[in-house]
1. Starting from the Cα of K396, draw a straight line to each of the lysines and keep only those under 28 Å, dropping any in the same chain fewer than 8 residues away.
2. Which whole-number percent gives the relative contact order of the chain, counting Cα pairs below 8 Å spaced six or more residues apart?
3. May I ask for the percentage of alpha-carbon pairs in the range 385-441 that lie more than 17 Å from each other?
4. Run the helix sum for the chain: -39,500 (n - 2.57) per DSSP H stretch of 4+ residues, divided by residue count, reported at 222 nm to the nearest 500 deg cm²/dmol.
5. Could you give the length gained by full extension between F174 and E428, i.e. 0.36 nm per residue of separation minus their alpha carbon distance, to one decimal place?
6. Cut-off under 19 Å on the C-alpha distance; same-chain residues fewer than 8 positions from K3 excluded. Which lysines are left, in chain and number order?
7. Hey, quick one: spin label on D413, modelled 7 Å out along Cα-Cβ, who in the range 219-237 has an amide N within reach, i.e. under 20 Å?
8. As a footprinting exposure proxy, order L176, L52 by other Cβ within 10 Å, with the fewest listed first.
Amino acid sequence: MTKPSNILLIQVDELAPQAMRTHGNTVAKTPHLDALAERSVVFDAAYCNYPLCSPSRASMHAGRLPFAIRQWDNGAEFSADIPTFAHHLRSLGYSTSLCGKMHFIGPDQYHGYEERLTTDVYPSDFSWTSNWNERIRKGGGIRIRNVTDAGPSVRNLQQDFDDEVAFWGLQKLFDLARDPEDRPFLLTISFTQPHPPFVAPQEYWDRYSEDEIDMPRVPPVPYEELDPFNQKKHIAQGLHLYDMTEERVRKSRHAYYAMMSYIDDRVGQLMAALKSTGLDDNTVVIFTSDHGEMLGERGMWMKDCFFEWSARVPLLVSGPGIEPGRSDKVVSLVDLMPTMVDIAGGTLPIETGQDGDSLVPLLKGDEAGWKDEMICEYSASGHQAPSRMVRRGRYKYWVHHGLEPMMFDVVADPDELNGLAGNPDYAEIQAELHARLMDGWEPEEIRLACIESQRRRLFLRDLTERTPKYSNWSPEISHNDANRYVRGRQAAFHRKAMQRFPFYESPPVDFEPEDENLKP
C-alpha cells in the first residue's frame, strides 16, 4: 500500500504576495522562496477569510468561514468542539505537530495537534477582545508605533521567537525522518515575521540599501477623502498621531523586506533538511500567510480591511504529482482543510461542515467546475459593525454594515482606484454579488452577537487582570515562556513587542478629527 504524502505547512504572518518576487516585486531578496515557487503551483488570487491573525488561523484550520465558528476578533475563543484539519489527519493515521505561532484563543491550545514544539508568541486569553461600547478613540499611537519606529536592531522579540521556531522545526524534520513508526506526518511551522513591529536584525537590514527600497504604488489618501470605514480604521490604529514622512515609509518598507529575507533563509533551511533526509520525495509543501499588509498603500498600514494588499495571501503548493505552474482561480485559506484531507486520501464527514473546496483538482490542472469565489469577513477594531466581502471572478464587492457598499474590478484595476458600486453599467453584477454576500448572513444579528460575546469576554478579561493566579491558557513549553513572549493587555503587549536593542521611540504629532465620535 502506498504511503500517503506527508504535509509540511509553512505559515508566515502578514506577508502580502505583492511584496514577493513570485508576484512581480523586484526589491525583495528571497532566493529560497523564488526556488520554491518554481516547483510549485502559485496561486495568484488567494485570499484570507478574515484580515486579522487569530480569526484567520482558526478559520483556516476549521475550513469554515469565521462568523460560522464565532470568530469575531483577536480575542474570540476557538471552540474545542470544532474539528480541524489536524483532527482529520490524525484520524487518518498522521502524526500532527505544531511549531510556532498559531494564536489560538481559549483553553484548547492544540486543536488536533498531538504536540506543540514551542509556546505561542501572543496571548491565548481574552486580552485582545474588541469593545464596541467604547467610542473609536483609542488608537493612542500604540499600534502604529510598530510601523513608525521601524529600523534595524541587534536583537528583538520576533527574532527570539522565530529563531526558536526554526530550530525546533528543523529538529522535528530530522526526528520524523528517523522515526521507526514511519507514519505520514503533518508538520505546521509558523513564523511571526514579517508582522510588525517593523524591526529587522542588522544582518538582514544591511542586505538592502536605502535607494533600493520602492515606495507605495498608490500615494496616501488624505484623511478627509477616506471612506467612513477607513477613517475609523485610521483613528483606531493611531495613524492620526504620527506624521508618516517619506523617510518613515521607506524605513518601514526597508524593515519589511529585511524580515522577508530573514524568513527566506529559514525556508531555505527547511527545504534543505527535506532534501537531505529524503523526505522531499513524499512531502507536499504548502507555503502561505494568515493575511497581507497594506505597507503604506493609500497611506494605510497593517491589515483590518478588504483592500488587496490586506486580504490577499501568498499560496505556493509543491510536492509529488504536482506539476509547477500558476493558477488565476479565486481560492482562500478555508480551502486548505479539504485539500489536506484529499491529499491524505480521506473524505470529510458531512456533519463537520465545510466552506472550502479541495484544491487538488487545480493542482492537477483541472479547472472544470471550480466556483472561482471566496468570502472574507471582519468585525474587529474601527467600524463597530460586521463587514463582509465576496470576490467572484474578476469582481470584488463588500459591505460594511451601515455604510455604502464598495465594488472593484481587481483584474483591470488591481490598485482598486475606480469604484464601481452604484455605477449603472455594473448594476446587474452588483445585484448578483450583493445577493451572494447576504445569503445566510444577517449583519444586524451578527452585530448583536458580537456585542454579547464582547460583554462576556470583557468581564472575564478584567477578572484576569485582578486575579494573578487566573490562567491565561498560553502554552508554556520551555522555561520562562510566560515572561519571554507577549502576554496581557494591549498597551503592555505593544511595549513588550517593541522591546529591542537599541531602543527607539518616535514622537507623536497633533491631530484633531472633526467627527466627535472619533475624537480622543
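Since every read-out is calculated from the coordinates, none of them should be taken as a lab result. What you see is a predicted model, and the numbers here were worked out from it, not measured in a lab. Reconstructed Cβ throughout: ideal geometry from the backbone, glycine too, with neighbour counts over all protein chains shown.
1. K232, K233, K303, K329, K364, K371
2. So the answer I get is 27 percent.
3. 32
4. Per the formula, -9000 deg cm²/dmol.
5. Roughly 85.8 nm would be gained on extension.
6. Candidates past the 8-residue exclusion: K275.
7. It comes to 219-231, nothing else.
8. L176, L52
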